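The values are calculated or read from the model by the stated rules, or taken from the named source; none is laboratory data. Since this is a predicted model, take the numbers as computed values, not measurements. Counting neighbours? That spans all protein chains shown, and the Cβs are built from the backbone with ideal geometry, glycine included.
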2 protein chains.
Amino acid sequence: MKKNVLIIGAGGVAHVAAHKAAMNNDVLGDICIASRTQSKCDEIIESIQRKGHLKDPSKKLYSRRIDALDIPATVELIRETNSEIVINLGQAFLNMSILEACLETGVAYIDTAIHEDPDKVCEDPPWYANYEWKRKDRCAEKGVTAILGAGFDPGVVNAYCALAVKRYFDKIETIDIIDVNAGSHGKYFATNFDPEINFREFVKVWTWIDRQWKEYPTHTVKRVYDLPVVGPSPIYLNGHDELHSLSQNIDAESIRFWMGFGDHYINVFTVLRTLGFLNHLPVKLADGQEVVPLKVVKALLPDPKTLAPNYTGKTCIGNFVKGIKDGKPRELLIYQVSDHKAAYEEVESQGISYTAGVPPVAAAMLIADGAWDTRTMVNVEELDPEPFIAILDRIGLPTEFKEIEPGSAESFDGTVRDLETEIAESTATVTISAANPMIAVAPKPR
Amino acid sequence: MKKNVLIIGAGGVAHVAAHKAAMNNDVLGDICIASRTQSKCDEIIESIQRKGHLKDPSKKLYSRRIDALDIPATVELIRETNSEIVINLGQAFLNMSILEACLETGVAYIDTAIHEDPDKVCEDPPWYANYEWKRKDRCAEKGVTAILGAGFDPGVVNAYCALAVKRYFDKIETIDIIDVNAGSHGKYFATNFDPEINFREFVKVWTWIDRQWKEYPTHTVKRVYDLPVVGPSPIYLNGHDELHSLSQNIDAESIRFWMGFGDHYINVFTVLRTLGFLNHLPVKLADGQEVVPLKVVKALLPDPKTLAPNYTGKTCIGNFVKGIKDGKPRELLIYQVSDHKAAYEEVESQGISYTAGVPPVAAAMLIADGAWDTRTMVNVEELDPEPFIAILDRIGLPTEFKEIEPGSAESFDGTVRDLETEIAESTATVTISAANPMIAVAPKPR
């Protein structure tokens, strides 16, 4: 039994996690929200109070200021707050320093994304091996529970893979994780979470095909798939954190990730990327000033938190799994649908933050009650998915299932052809031409 | 008779002007090219030498370093170089300090654009009254020749207006200045001159309609006109320097300016502007750094000088004049066609720099021989256009004329309707919607 939660971060995802933690503080104990800007933490606390979400009023809910790159300060904060579970929802650049503080204090660690080095993007797979997994032995030695990637994707989709293995398939052939936000925020252009982190995802597409890593240029492989509730959606092959662990832990020929983008998004993104605005490395201006273009993009785009009040529509994220059960082909879509407006009404947040912020709290509850208190480092698919999915059903992210007639019109064929064929057959609106060289990069299969 | 020319600036336009000055140094005398970066001046001199363009080898061609915001240093440079004519082709922020140095030394001043304050864009009309014209009396008192806006537009198009008045019309109704670059630089996106100055032009559209200033949002009024040589071209109502003086000096109901933009340009421009990248005022990044987005745009776009070697196609700039001659309606297009490749072959520059860089040298030649040595401040349309056009015919920018049957299919109807009608009838690809508020700004007629 572990208790008292330290949430690090005060963005949209932390906002949701703090609400959900407060709504379950009979299990989780005291809650401290800490970030570099303490006033942002206090705004979250005000929102929780406004909604009357503190279930057990005898438990504390308070804020602290922390620079989480400062390991001794984080150690001190963990001790001062008596926290036994740290939920890291800060920028992905902080992961290793927060994990280090957890190792030093022996408390449990949860995050929702792979560690990032500011100077690198889309690192060689499996990316987890460059940072997190190097600390696996130390977690085991010290009996420190570290649950990696426990958001929605990575996170819940990893549990869906484990569930497919445990209950629905004898043999899995392919898994296609599909993430579509069919909502509308009413802005000209905005990202649903930190633009700086968001755009770093789209530099390269690392994907697990035929048990090998293959690299494709972004937005070159497009499909349209008719998902439940949100309907026919344009989706693009994309790299994503979960592939870097699922490729190691799930026995399947191919595991791919697809993300939904509308034509307007692709157009704006293509302009920004082609001109170099998504560059994470500094450029020198005429007057000598050094500026990281991506940080200017972040400053100019709407703060993702501000999208919430007017966001409408739904999200659908799920795993399309193909394989064999009892000697027969099976196709199953395991998915979750969330509603932006409902999320705002419940916790004053938009749906993307909601889907990412609820799961780490479910994971914390499972650490608190012992079910997921692994005393070592794991990715979500290594754990029993059923108690996790059961809590999510109860606290806002119910899972649904759609059995699909194998090879029917409702099937999803995620087979990726060679790049020339994909480009030739592409119906993407993005111009693929010599004038747009960042798209026409040749793939480097590994 | 004035001689010895000081060219300030070392960009694409200065490059062309220096070539043309060298090719006419029997009239102009010694030539000094000065800018903040002396090596850029030396590159121009190397280009002139490579082309063998120094007509009279007994005259000097050399470079100096100058910060032209430093008036005493500029005074010193004028004296040291014995220059009697200063051609200011630096950024428009420098105009007033260079003019001041000319006033102090009594030498002639030529520029090609209105003075700009870095913190302001598209100033209230007539913009010249905010800066240049405040110095008019001092120029007259001191007998200083100052010819404002002597590039192509402003410049040659102003002379075309004066020519229309002098030779072709008894009464002018409307003048539509049309500027189309139908060339191709082969890059994804680039501006033809300094992006920082270029984009500042497109914040507001001030235009002279029915003898009043009216303001329209950029790119809301589109026409397609079949120009000589370049053919049917999409053009947009735009503000431009010359309107600020022509409105005062030319007796016409309406004087409008139209600029050609392709759909791709409009798309990229709209993305950048709508997201705030064309902002000339600083924004604060998450880490506190202050950055002017427009300066980042400048750093990321290709240097306009680098476009020249691969530029193909032609430009067409001209005045469509409607009025009365000998009691009958008349419509006349007075225009000039330049070729990017021919410009590169002649002076190692692209066509836009060529059209802007040749005219100030023609003006300098007219000051040198006395024809335009006004001993006061003037805009180009106040001068006799014929010797100017005659020199341009001879040194690379020949003028052509197209007599058009009034009211025929070849007429240009530049009538601008009210904004709602223009938006409703617009065929522009740019989306005009609530999600694109920077376009849907209401006009403020004055």
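Some points to look at:
- Of the residues making up segment B:256-268, not a single one is within 12 Å of another protein chain (Cβ to nearest Cβ) and over 27 Å from B:THR207 (Cα atoms).
- Single match in B:GLU425, B:GLU403, B:GLU420 (criterion: charged (D, E, K, R), under 19 Å from B:GLY318 (Cβ atoms) and more than 23 Å from the chain's Cα centre (by Cα)): B:GLU403
- Qualifying residue in segment A:183-202 (condition: in a strand (DSSP E or B), within 14 Å of chain B (Cβ to nearest Cβ) and more than 28 Å from A:ALA129 (Cβ to Cβ)): yes
- Every listed requirement among (1) surrounded by 18 or more Cβ atoms within 10 Å (Cβ to Cβ); (2) at pLDDT 95 or above; (3) of a type outside the set (S, T, N, Q) is met by B:ASP56 save one, (1).
- The residue of segment B:301-335 that is surrounded by the most Cβ atoms within 10 Å (Cβ to Cβ), among those that are hydrophobic (A, V, I, L, M, F, W, C) and within 14 Å of chain A (Cβ to nearest Cβ), is B:LEU307.
- Flag if A:ASP42 is within 26 Å of A:SER349 (Cα to Cα) and part of a helix (DSSP H, G or I): yes
- The number of residues in segment B:74-91 that are modelled with pLDDT of 95 or more and within 28 Å of B:VAL121 (Cα to Cα) comes to 6.
- Among residues that are within 18 Å of B:ALA14 (Cβ to Cβ) and surrounded by fewer than 22 Cβ atoms within 10 Å (Cβ to Cβ), B:SER83 is not included.
Residues checked against (1) closer than 21 Å to B:ILE352 by Cβ; (2) assigned by TED's automatic domain parsing to the domain that holds B:ILE255; (3) free of Cβ contacts under 8 Å to residues at least 24 places away in the same chain:
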| residue | (1), (2), (3) |
| --- | --- |
| B:HIS280 | no, yes, no |
| B:VAL283 | no, yes, yes |
| B:ASP287 | no, yes, yes |
| B:PRO309 | yes, yes, no |
| B:GLY318 | yes, yes, no |
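- Within the option set A:LYS341, A:LYS325, being on the phi < 0 side of the Ramachandran plot and in contact (Cβ under 8 Å) with a residue 60 or more places away in the chain holds for one residue only, A:LYS325.
- From the options A:LEU77, A:LEU69, A:LEU89, residue that is under 28 Å from A:HIS340 (Cβ atoms) and not assigned by TED's automatic domain parsing to the domain that holds A:PHE193: A:LEU89
- Just one of the numbered conditions (1) farther than 13 Å from A:VAL157 by Cα; (2) in contact (Cβ under 8 Å) with a residue 12 or more places away in the chain; (3) in a loop (DSSP other than H, G, I, E, B) is not true of A:ALA409: (2).
- Odd one out for B:MET377 among (1) closer than 18 Å to B:GLY318 by Cβ; (2) in contact with a strand residue (DSSP E or B) (Cβ under 7 Å, 6 or more places away or on another chain): (1)
- Selection status of B:LEU148, buried (at least 20 other Cβ atoms within 10 Å of the Cβ) and within 29 Å of B:ARG36 (Cα to Cα): yes
- For segment B:280-300, residues that are more than 7 Å from every other protein chain (Cβ to nearest Cβ) and surrounded by 21 or more Cβ atoms within 10 Å (Cβ to Cβ) total 2.
- Residue in segment A:9-32 that is assigned to a loop (DSSP other than H, G, I, E, B), within 22 Å of the chain's Cα centre (by Cα) and either at positive phi or not assigned by TED's automatic domain parsing to the domain that holds A:LEU103 (or both) present: yes
- Looking at B:GLU43, B:GLU104, B:GLU100, just one residue is within 30 Å of B:LYS204 (Cβ to Cβ) and either buried (at least 23 other Cβ atoms within 10 Å of the Cβ) or of a type outside the set (Gly, Ala, Ser) (or both), and that residue is B:GLU100.
- When the helices (runs of 4 or more DSSP H) confined to segment A:314-405 are screened for residues that are over 16 Å from A:GLY12 (Cβ atoms) and modelled with pLDDT of 95 or more, those reaching at least 2 such residues are found at A:351-368, A:385-395.
- Of the set (1) away from chain B (no Cβ under 14 Å); (2) over 17 Å from the mean Cα position of the chain (by Cα); (3) touching a residue at least 24 places away in the same chain (Cβ under 8 Å), all apply to A:ASP179 but (2).
Residue-by-condition table, conditions (1) within 23 Å of the chain's Cα centre (by Cα); (2) over 30 Å from A:PHE277 (Cβ atoms); (3) basic (Lys, Arg):
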| site | (1), (2), (3) |
| --- | --- |
| B:PHE261 | yes, no, no |
| B:TYR265 | yes, no, no |
| B:VAL271 | no, no, no |
| B:THR274 | no, no, no |
| B:LEU301 | yes, no, no |
| B:THR315 | yes, no, no |
| B:GLY327 | no, yes, no |
